[in-house]
Ligand code: AMP
C-alpha cells in the first residue's frame, strides 16, 4: 500500500488509481486482514492494547477476543492524557501530535479525536479515488473551483498538541493542498480567505471571488451541502453589495481582516461591465431559481456531502442548481474515512460508498428495524449481507480500536468483494418517549411531507430540529421550524403541524398518540436567523462551518442550543390530528 501511495504521489494518473482500487476491492477480505495486522504491529507497544492483553498478536480472532467494543466515552481519559502532553505510547506506538475536533453537533460539544499521518494518507487515497471516478464521468480541465471551505480556530492543547477540526487539519497540510491542486482545478479564493479568522467575512469573499471568476468556475463545492445553501442564501441578501464592490473595484467595509483585504485587493479590480452583467442575470431570475448556472455558466457539477442529515437541503440545492448534476461526496468522519462514492452519476438519494478495505479494519453489528443489535457479535467487512442494516465499528491507524462510530448503514450491494454502504442515520438520534422510535430519517420524511403543504403558499422550511419534551405529562414531540414566511400564518401552519404528527408512521408512535400516552405534537416557529445563531454557537466552540451539521434532535444535555431555540420561539401550534 505504501508503494501505491508513493506511486500516486509522483504523478496523479486517474486510471491507475482506479486500477489500484479495483485490485484492493477484489481481495477485500485479505486486504482487511493485512490492514489489521499492520495497525496492530505498528501499535503493539501501545498501553491500551497491552492492557487488554493482546500481547503482540495481530490476527482478527485474537483482536476480537481481547479488545472490547468501545465508544468515545471509554477512550476519553486516554485521549485527554495524549492532549495533556504525555508522550508515552498510550493508544498508538508513535506519539500523536495532532488532535481533530469532531463537529460535535450530536453531543453538543466537540470531541477530541487523535489524528496522524496515516489518516492524512487515507484522506489522500480517498480524495484521489473519488476524484478519479468523478472525473471519468464529468471531466474538468482548466478553470476554477468555487469551494466554500473555511478553517476553524486552531489551538494548542494543554500538552502543546495542535487541535483543529479534521477539515482544518487537512487544508492546512501542504501535502493535501499539493495533491488537491494537482488533481483538481485551482480554487477561486486565496488562502487568506479560506483561513480567515471570521467565517462571515470569508464567505463574502468566497462569493466575491466566485463572481469575479464566474466564467471560469467549473465546480461548486463544499464539504457538506449545508454550506453551499448557506452561501447562496447569503448571496441573496448581499448581492447588491457584491455587485457594487465589483463595479467600483473597492472592497466592502464589512471586510476588516487586514490579510483578507490585502489578498482581495490583488483580485478585485473595477469592472463595471461584469457588475452590470451579474445584476442583469440576478434581476432576471425567478425566485432565485437556477441561480447557479445563470451566474456560473460553465459549471459542470455541484459537489459535497448530500446524504444523511444533508438530504433535507436537496430541494433547495436543486432549486439553485437547475439542471446541473449534484454529485454526493464520500463518507468519513473525524475518526477516519470509510467509503468512496464510485458511482457519481447516482442521485444523492441513492448514493452508496464503497468501503476502502486498506484504510482501517471494519466490523458491523447487525441491527433490527428499531436499530437494536440483532446479535452481539459483529461480522467482518466481507461477511455483511445485502439489504441488512448495521452499526459500523472502526479500527483505524490513529489509535481507535473497535470504536462505535454511532452510524447506521445499509448494505446496498458489493463492488467486487467490498460492500457498498448507504448511510442511514446517526444511531443515537432517536425521538423516543415510550414505545415509539423515530430516527433522523423519519423526522426528515415527516418534515418533507409538511413542507410540501407549506410550499403551496410559496413558503419554505429553511431549517429544522426537534426535541422530546417530557416536562409535560404525557411527553410530546416538539419540532422547531424556521421558515421563509410569516410564523403567525395560522391556518397553513396548523395544517403543517397536523401533517407532521400524522407523518410519523412508526407503530409505537401512532398507537401511543391514539391513547394519548404521547401528547399532541408541537410545532414551534422560531425567528428568522435562529439557525444561524446555532451555527455561530458551534463555530464559537471551534467547529468549522464547512463541517457543520444542524443537530436534528436536541437532547437535554445540549443546553445552549435548547436555550437559543427557546429564546427565539415566536409562536407554537399543537396538533389536532388525533383529536
Ligand atoms: P464529523 O466527525 O464531525 O465530521 O462527523 C462525522 C459524521 O458525519 C459521521 O459519523 C456521519 O454521521 C456524518 N457523515 C459523514 N460523511 C457522511 C456522508 N457522506 N453521508 C452522511 N453522513 C455523513
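The numbers here are math on the coordinates, done by the rules we state, and not lab data. In this text, all values refer to a predicted model and were calculated from it rather than measured experimentally. Because the Cβ atoms are built from the backbone with ideal geometry, glycine has one as well, and the counts that use them run over all protein chains shown.
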Checklist outcome for this item: the range 154-274 -> Rg/Rh from Cα coords, Kirkwood Rh, value 0.99
Item to check | P(r) histogram, all alpha-carbon pairs of the range 50-120 included - 10 Å bins from 0, percent | outcome: 17, 41, 35, 6
Next on the checklist: Based only on Cα atoms, what mean projected area does the convex hull of the range 347-396 have, in nm²?
Outcome noted: 4.2 nm²
Item to check | Label-to-label distance, nm, for residues given as residue 178 and residue 457 (7 Å Cα→Cβ offset) | outcome: 5.8 nm
Next on the checklist: Please list, by residue number, everything in the range 472-489 whose backbone N is under 13 Å from a paramagnetic label point 7 Å out along Cα→Cβ of residue 287.
Outcome noted: 484-485
Checklist entry - Once every DSSP H run of n ≥ 4 in the chain is given -39500 (n - 2.57) and the sum is divided by its residues, what mean residue ellipticity at 222 nm do you get, rounded to the nearest 500 deg cm²/dmol? => result -12000 deg cm²/dmol
Checklist entry - So between residue 527 and residue 26, what do we pick up on full extension, going 0.36 nm a residue minus the alpha carbon distance? => result 175.1 nm
Checklist entry - Looking at the P(r) of the range 9-133, how many percent of alpha-carbon pairs lie beyond 22 Å? => result 50 percent
Next on the checklist: One quarter of the convex hull surface, Cα atoms only: what value does that give for the chain in nm²?
Outcome noted: 25.7 nm²
Checklist entry - Which value results when the Cα radius of gyration for the range 182-224 is divided by 2.2 N^0.38 Å? => result 1.15
Checklist entry - Once the Cα gyration tensor of the range 126-213 is found, what semi-axes does its equivalent ellipsoid get, as square roots of 5 times the eigenvalues, in whole Å, sorted largest first? => result 25, 19, 9
Next on the checklist: Starting from the 7 Å offset along Cα-to-Cβ, what nm value, one decimal, do you get for the label separation of residue 156 and residue 244?
Outcome noted: 4.3 nm
Item to check | Whole-percent pair-distance distribution, where bins are 10 Å wide, for the alpha carbons of the range 212-330 | outcome: 13, 40, 34, 13, 0
Checklist entry - According to a simple spin-label model (label point 7 Å from Cα along Cα-to-Cβ), what is the distance in nm between residue 47 and residue 141? => result 5.6 nm
Next on the checklist: How would 211, 326 line up from fewest to most surrounding beta-carbon atoms within 10 angstrom?
Outcome noted: 326, 211
Next on the checklist: Based only on other Cβ atoms within 10 Å, what is the fewest-to-most ordering of 369, 407, 198?
Outcome noted: 369, 198, 407
Next on the checklist: Assuming 0.36 nm per residue, please report the length gained on full extension of the stretch residue 574 to residue 374 beyond their Cα-Cα distance.
Outcome noted: 68.3 nm
Checklist entry - Kirkwood Rh, the range 369-463, all Cα pairs: how many Å? => result 15.8 Å
Checklist entry - Per the Kirkwood formula on distinct C-alpha pairs, the Rh of the range 430-579 is how many angstrom? => result 15.6 Å
